[in-house]
1. Looking at the square roots a ≥ b ≥ c of the eigenvalues of the Cα gyration tensor of segment 145-226, which shape do they give, rounded for a/c under 1.5, prolate if a/b is larger than b/c, or oblate?
2. At 0.36 nm per residue, and after removing the present C-alpha to C-alpha distance, how many nm does the segment from residue 89 to residue 159 gain when stretched out fully?
3. Of the heavy-atom accessible surface of segment 1-146 (probe 1.4 angstrom), what whole percent is carbon and sulfur?
4. Taking Cα centroids, how far is segment 9-44 from segment 81-127 in Å?
5. About the Cα centre of segment 1-155, what is the dipole size in debye to 20, counting +1 per Lys and Arg Cβ and -1 per Asp and Glu Cβ, all else neutral?
6. Name the residue farthest towards the positive end of the dipole of the chain from the options 107, 218, 241, assuming +1 on Cβ of Lys and Arg, -1 on Cβ of Asp and Glu, about the Cα centre.
7. Rounded to the nearest 20 debye, what is the charge dipole size of the chain about its Cα centre when +1 sits on each Lys and Arg Cβ and -1 on each Asp and Glu Cβ?
8. Treating the angle as unsigned and between 0 and 90°, give the value, to the nearest 10°, between the Cα long axis of helix 116-128 and the longest Cα principal axis of the chain.
Amino acid sequence: MPTQKQGIVFTGLMPHAPVLIPEVGRGREREAGEVVDGMREVSRRTLKRSPDRLILVSPHTPRVRSGFACWGDFRICGDLGRFGAPQVKIDLPRDELIGARLQKVCQSIRGVPLDHGASVPLYFLVEAGWNGPTTLLGLAYPGEGDVSKFGTELKGVADELEGRTAFIASGDMSHALKPGAPAGFNSRAHEFDEAFVASMEKGDYKGITRIDPELRELAAEDVVDSTLMAAAALGGANSGFEFLAYQGPFGVGYSVGVMFDNSKDE
């Protein structure tokens, strides 16, 4: 029986702090235990949908001028040696079908280290059992690419392919919640997190576009563009959305949730 074209069947939002991985955190990850549990739940639900392929967009994958980037090496592999855990390795096959279809709209990157924006979510997905064809995307430089337009193009690609596609948006929220945070402390940074979470809790992805750009900048966030790309790839759908957790114990805000899951529709 031929495989049906089903497009994107699941989309999740996951943070990417290495400290959330037990081998890196060495106990500190328990301070963000609700988020860690949420990442495992998103990973479990992703695998439950039996995807044939996975797309992940990371704000830390190397960027290219005048557009978006797509991992071009034969395998997506790397480790967390930078963070004191070289034993934690990622090794997944690159999705050649999607790679071929994206050649005209994004630039291939090769020979670069796997970034933590990708490796942290992938750690939890691999832990849950993922080992299939994977596409890793990098964002454009500010002002050099339309994330919503690119997300719509991704939807078209996923709709054309046989089988099921899962999409994971990787991103952290304010990096300035406490003194000593990566971007220093800003007394208004929590306002960005509150506005972002309010939109996600309602499945109102358009609401994210209405967050004050100045607030985004002072918060030093890297979650909005990934999330908006994923939302555009859904074409406005938000069935099965569920916000799972928000915590910021280390001065950076972490959100995790399901943006789309059409299992109930089926």
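1. On the way: a/c = 2.58, a/b = 2.30, b/c = 1.12.
Since a/c reaches 1.5 and a/b is larger than b/c, the shape of segment 145-226 is classed as prolate.
2. Values: separation 70, 0.36 × 70 = 25.20 nm, distance 3.13 nm.
This chain segment gains 22.1 nm when fully extended.
3. C and S atoms contribute 49 percent here.
4. What the calculation gives is 17 Å, centre to centre.
5. Working: 21 positive and 17 negative charges, 67 e Å.
Approximately 320 debye in magnitude.
6. Final value for the positive-end residue is 107.
7. Values: 29 positive and 36 negative charges, 101 e Å.
Using Cβ point charges on Lys, Arg, Asp and Glu, the chain gives about 480 debye.
8. Compared with the principal axis, the helix lies near 70 degrees.
The values are calculated or read from the model by the stated rules, or taken from the named source; none is laboratory data. Treat the numbers as computed from the prediction; the structure is a model and nothing was measured. Positions of Cβ are generated from backbone atoms using ideal geometry, with glycine treated the same way; all protein chains shown enter the neighbour counts. Only protein heavy atoms, including side chains, enter the accessible area calculation; ligands, DNA and RNA are left aside. Shrake-Rupley method; radii C 1.70, N 1.55, O 1.52, S 1.80 Å.
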